[in-house]
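A short worksheet on the structure shown next.
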Amino acid sequence: MLHIKGLEAKIEDKEILRGLSLDVKPGEVHAIMGPNGSGKSTLASVLAGREDYEVTAGEVQFNGKDLLDMAPEIRSREGLFLAFQYPVEIPGVSNMNFLKAAVAEKRKHLGLEPLSAKEFLKLVSEKSKLVELDGQLANRAVNEGFSGGEKKRNEIFQMAMLEPTLGILDETDSGLDIDALRIVANGVNALRSPERSFVLITHYQRLLDYIVPDFVHVLYKGRIVKSGTKELALELEEKGYDWIKEEVDAHA
Amino acid sequence: MSDEILDHITNKEYEFGFVTPIESDKIAAGLNEDVIRLISSKKNEPEWLLNWRLEAYAIWEKMNEPTWAHVQYKKPDFQGISYYAAPKQKPQLNSLDEIDPELRRTMEKLGISMEEQKRLSGVAVDFVMDSVSVATSFKEKLGELGIIFCSISEAIQEHPDLVRKYIGAVVPRTDNFYAALNSAVFTDGSFCYIPKGVRCPMELSTYFRINEGGTGQFERTLVIADEGSYVSYLEGCTAPQRDENQLHAAVVELVALGDAEIKYSTVQNWYPGDKDGKGGVFNFVTKRGLCDGNRSKISWTQVETGSAITWKYPSCILKGDYSVGEFYSVAVTNHMQQADTGTKMIHLGKNTTSTIISKGISAGKSQNSYRGLVQINKSAEHSRNFSQCDSLLMTDRCGAHTFPYIEVKNKSSKVEHEATTSKIGEDQIFYCLQRGLDQEQAISMIVNGYAKEVLNKLPMEFAVEAQKLLAISLEGSVG
Ligand SMILES: Nc1ncnc2c1ncn2[C@@H]1O[C@H](COP(=O)(O)OP(=O)(O)OP(=O)(O)O)[C@@H](O)[C@H]1O
Ligand SMILES: [Mg+2]
């Protein structure tokens, strides 16, 4: 469902992704780990279509379509969801109105009838339970004054509402307390299905205890330099990245 | 953001840009005493008012146009303007059916079908087409409560004592150049009187529309809330597209007696000119309210998106003890628009309070200034003001300016002023895009969120209209 081949991207003449390839099949969960600054968030942004990044080479297919050819909002409506590492606040815009508009756009794109107010509210109450999001938060302005953990939970709530086929979670686990981590992980697990895939960007193996990945990749200097199963995450936890860096840098 | 999007909106036609071909009775361009006599006689006015106008004209002749505002424009040619135009119509209207069908169509284009207005929102509409009011509704119902809501011309005929007592009481003819001009030549406007202890049961609404090429508009509005009364008054405007500049110099006077409250809301969407700054309305308005009695309250709420140049400071004179003045404003400028707007809160009575919330939004190459005076006089002991002036920039080429003037002449009062300037967040826009909203929806959401504090102050029907207006005025304006 997601094929990335030889992806290169730069920002302000700084090359960040340097020939990245990755294949994600329906229903799979891929974890991406890697040292700070290696390009993980950049990958997420490029996939989501952030304009600041210039793609200089490579291709990305998403459900058989050329992803790089689509505007960011089309990517979203086609089923790509990015849970941001740092969700922004949009003061004065209620979470509800925001999601109502987002869901409406997505349904329009898919040729579905808009939800009635009642159906929408039903969906909200159903999905907010998934991440145990306080009803109050759903009614407040988008992320405004939310705690770090609440913002992350809100991202997963939004993901549940939009029912993407691919969820990219950029460090959704960071800043979560132990209970919240479990709640968020349960939420994600509940959304797992044979059609829906996930890319989890994380620094901590702990998340992967809850959301067990099919594959674990190490991103370093803009490339995937090592791939394995969940055991790789354990190994990284134990040994850090130095041994991988050495391996890669020796070949460079 | 991409130039493509920018082009898209800059080429967008002004949504309400249409001219209604209604025959009109119009006098030749130019201004002198004879013109004023002609206006006064056409309106069948009493002697005192003619003299009042002539005095205003004499005052105006000695004045110069103000230049202190942060705006630049070619001065209007005051001798090139026709000072009177009245749509031809049947003299008396007993029902809406008698209105000129052209006018009805205009109203429909504006989305204010009167039947709908009547049926759905219980709003009484006094529709001002050029200079003469052509339709008034709900009059009977208001009449039962003793509320007077009519054109100022009618009020001059029917309620001369009230008009004579209050006209110029809040905005004297000497106040400023445009107020003097308006006093000399005003041809119509609205009048409203709420008797003692009456709570006006519906929003009173006037839709203004400039419709006659080259006609200056000099509206005069007078709202009087007698002791313990309440009224919410709505003013909304759109104007047809045209090339030459149109001068609009209205005067609005509000008087709130003891324990009375006036809520005055405006949505202003006059033709702003094209993207190169050609054409557009000059909006030089004097709006002022007098909180005359103790515990009286006046709130101004405005959403300003139109006009090439706006020069407007709805103000409150807080004369009564414990009186309250409020100013809530959203001013949007795009392309080459210039706005210099704000308020004056003049505290005279004891324990008076005022609140100022101003949200400026600048896009394109526009210039948007907030100018506000908070003056707490010696007599105004224990008074308070809170001001919050925020500016949101949509591009790097526009300007936002804040000119707060604060004068506190006693020690027991307190003034707080906060100001922020921010650029619309690329991160916020991207966040919205990622959730499937398009660029224009994203901007509309973010801007409406930013302006929410002010929009929330508008009556419901107006708030919806205002939100749409903000979105339309800013489509694709990020860059
Ligand atoms: N706007 C920018 N201008 C210049 N450099 C940038 C910009 N954005 C990102 N970078 C650089 O790109 C590199 C990759 O950043 P990215 O955020 O993708 O890393 P990351 O792997 O997500 O790191 P972390 O684990 O800390 O979140 C970093 O060196 C970063 O400084
Ligand atoms: Mg990152």
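The values are calculated or read from the model by the stated rules, or taken from the named source; none is laboratory data. What you are looking at is a predicted structure, and each value in this text was computed from that prediction instead of being measured. Cβ atoms come from the backbone with ideal geometry, glycine included; neighbour counts cover every protein chain shown. Side chains included, ligands, DNA and RNA excluded: accessible areas come from the protein's heavy atoms. Shrake-Rupley method; radii C 1.70, N 1.55, O 1.52, S 1.80 Å.
Here are a few things to note about the model shown:
- Those strands (runs of 3 or more DSSP E) lying entirely in segment A:1-107 with at least 3 residues away from ligand 2 (no atom under 16 Å from the Cβ) and away from chain B (no Cβ under 14 Å): A:2-11, A:14-24, A:54-62
- Filter result (farther than 15 Å from B:Phe218 by Cβ and at pLDDT below 95) within segment B:40-60: B:Ser41, B:Asn44
- Scanning segment A:158-182 for residues that are away from ligand 1 (no atom under 16 Å from the Cβ), surrounded by fewer than 19 Cβ atoms within 10 Å (Cβ to Cβ) and more than 14 Å from every other protein chain (Cβ to nearest Cβ) turns up A:Asp177, A:Ile178, A:Asp179, A:Arg182.
- Those residues of segment B:298-331 which are assigned to a loop (DSSP other than H, G, I, E, B) and surrounded by fewer than 24 Cβ atoms within 10 Å (Cβ to Cβ), in sequence order: B:Tyr313, B:Lys319, B:Asp321, B:Tyr322
- Qualifying residue in segment A:8-29 (condition: modelled with pLDDT of 95 or more, within 14 Å of ligand 1 (Cβ to nearest atom) and in contact with a Pro (Cβ under 8 Å, 6 or more places away or on another chain)): no
- Wholly enclosed strands (runs of 3 or more DSSP E) of segment A:194-252 bearing at least 3 residues under 18 Å from the mean Cα position of the chain (by Cα) and surrounded by 15 or more Cβ atoms within 10 Å (Cβ to Cβ): A:197-201, A:215-220
- The condition of being surrounded by 17 or more Cβ atoms within 10 Å (Cβ to Cβ) and under 30 Å from A:Asp249 (Cα atoms) holds for only one of A:Leu82, A:Leu99, A:Leu47, that being A:Leu47.
- Taken together, the residues in segment B:429-444 that are charged (D, E, K, R) and either in a helix (DSSP H, G or I) or farther than 12 Å from A:Phe98 by Cβ (or both) amount to 2.
- Residue in segment A:189-204 that is within 16 Å of ligand 1 (Cβ to nearest atom), touching a helix residue (DSSP H, G or I) at 6+ places or on another chain (Cβ under 6 Å) and of a type outside the set (A, V, I, L, M) present: no
- Test: B:Ala463 is under 21 Å from the mean Cα position of the chain (by Cα), surrounded by fewer than 22 Cβ atoms within 10 Å (Cβ to Cβ) and either of a type outside the set (Phe, Trp, Tyr) or part of a strand (DSSP E or B) (or both): yes
- Which listed residue is β-branched (Val, Ile, Thr), more than 27 Å from B:Ala256 (Cα to Cα) and in contact with a strand residue (DSSP E or B) (Cβ under 8 Å, 6 or more places away or on another chain), from B:Thr353, B:Thr333: B:Thr333
- Taking the conditions (1) within 16 Å of ligand 1 (Cβ to nearest atom); (2) closer than 30 Å to A:Pro194 by Cβ in turn, A:Pro35 satisfies each one other than (2).
- Number of the condition not met by A:Glu155 [criteria: (1) farther than 21 Å from A:Val29 by Cα; (2) among the acidic types (Asp, Glu); (3) within 11 Å of chain B (Cβ to nearest Cβ); (4) part of a helix (DSSP H, G or I)]: (1)
- Failed condition for B:Val415, given (1) among the aliphatic types (A, V, I, L, M); (2) in a strand (DSSP E or B); (3) within 14 Å of chain A (Cβ to nearest Cβ): (3)
- Some residue of segment A:123-139 being at the interface with another protein chain (Cβ under 9 Å from one of its Cβ atoms) and either closer than 25 Å to A:Leu67 by Cβ or in a helix (DSSP H, G or I) (or both): no
- Failed item in (1) open to solvent by less than 10 Å² (accessible area, probe 1.4 Å); (2) modelled with pLDDT of 95 or more, with B:Glu407 passing the rest: (1)
- Test: residue in segment B:381-394 that is part of a loop (DSSP other than H, G, I, E, B), crowded, with 21+ Cβ neighbours inside 10 Å and within 25 Å of the chain's Cα centre (by Cα): yes
- Single condition A:Ile74 does not satisfy, out of (1) under 19 Å from A:Val142 (Cβ atoms); (2) of a type in the set (Val, Ile, Thr); (3) away from ligand 1 (no atom under 16 Å from the Cβ): (1)
- Any hit, segment A:173-187, residues being within 16 Å of ligand 2 (Cβ to nearest atom), of a type in the set (D, E, K, R) and at pLDDT below 95: yes
- Residue in segment A:122-133 that is under 23 Å from B:Ile443 (Cβ atoms), without any contact (Cβ under 8 Å) to a residue 24 or more places away in the chain and either open to solvent by 20 Å² or more (accessible area, probe 1.4 Å) or of a type outside the set (A, V, I, L, M, F, W, C) (or both) present: no
- Of all residues making up segment B:429-447, the number that are open to solvent by less than 40 Å² (accessible area, probe 1.4 Å) and facing chain A (nearest Cβ under 7 Å): 9
- Filtered residue count, segment A:121-132, keeping only those that are over 20 Å from A:Ala101 (Cα atoms) and among the hydrophobic types (A, V, I, L, M, F, W, C): 2
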